[in-house]
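K.L.:
Please read through the structure below; I'll follow up with questions.
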Amino acid sequence: MTNSEQRIATETALELLTNQQRQQILRQVADTPDGTTVDQLTQHLRGADSLQPDNGSVDHRGIDLHHIHLPKLQEANVIEYDTDHGTVHRGREFQDVLALLTVIDDHREETSPTLS
């Protein structure tokens, strides 16, 4: 198997998905097939946490996005992150990691208690 044919390791994909913010990033990128911007991702993440009290975490979220989450996803070839233009597109391994996230989400829905 050559490097161009090598697929992301399951362990790597699972480690990427252990973080809720990265899960939200992947969902947003999945919803925007032509790519998205870092500003749009920041707004999406802000909306995803709108029920939580605002204790300055929004600023930390943007910093974490730029310096931790997007670089990690790019390093694993899950996204293509253009720092000069502030854009994010699907990477070579995006579909595999998104498929795993979908399985995880489906499992959560199946095992969550139903309200009667």
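The values are calculated or read from the model by the stated rules, or taken from the named source; none is laboratory data. Given the structure is predicted, the values throughout are model-derived calculations rather than measurements. Here the Cβ is made from the backbone with ideal geometry for all residues, glycine too, and neighbour counts use every protein chain on show.
K.L.:
Ile63: without any contact (Cβ under 8 Å) to a residue 12 or more places away in the chain and either small (Gly, Ala, Ser) or assigned to a helix (DSSP H, G or I) (or both), yes or no?
P.N.:
Criteria met by Ile63.
K.L.:
Of all residues in region 28-39 being surrounded by fewer than 16 Cβ atoms within 10 Å (Cβ to Cβ) and farther than 20 Å from Ala99 by Cβ, which is modelled with the lowest pLDDT?
P.N.:
Per the criteria, the residue is Asp39.
K.L.:
If you don't mind, another one. How many residues are at pLDDT below 95 and surrounded by 18 or more Cβ atoms within 10 Å (Cβ to Cβ) if we restrict to region 62-98?
P.N.:
1
K.L.:
Please give the number of the condition Val58 fails out of (1) at pLDDT 85 or above; (2) part of a helix (DSSP H, G or I).
P.N.:
(1)
K.L.:
Here is a list: Leu101, Leu16, Leu51. Which entry is modelled with pLDDT under 95 and either surrounded by 16 or more Cβ atoms within 10 Å (Cβ to Cβ) or more than 13 Å from the chain's Cα centre (by Cα) (or both)?
P.N.:
Testing whether each residue is modelled with pLDDT under 95 and either surrounded by 16 or more Cβ atoms within 10 Å (Cβ to Cβ) or more than 13 Å from the chain's Cα centre (by Cα) (or both) leaves just Leu51.
K.L.:
Residue by residue through region 11-30, note down the ones that are in contact with a Ser or Thr (Cβ under 8 Å, 6 or more places away or on another chain) and touching a residue at least 40 places away in the same chain (Cβ under 8 Å).
P.N.:
Correct list: Val29 only.
K.L.:
Can I ask one more? Right, Asp82: under 22 Å from Thr42 (Cα atoms) and of a type outside the set (Ser, Thr, Tyr) or not?
P.N.:
Criteria met by Asp82.
K.L.:
Output the residues belonging to region 74-94 that are more than 16 Å from Arg22 (Cβ to Cβ) and among the polar types (S, T, N, Q).
P.N.:
Result: Thr83, Thr87.
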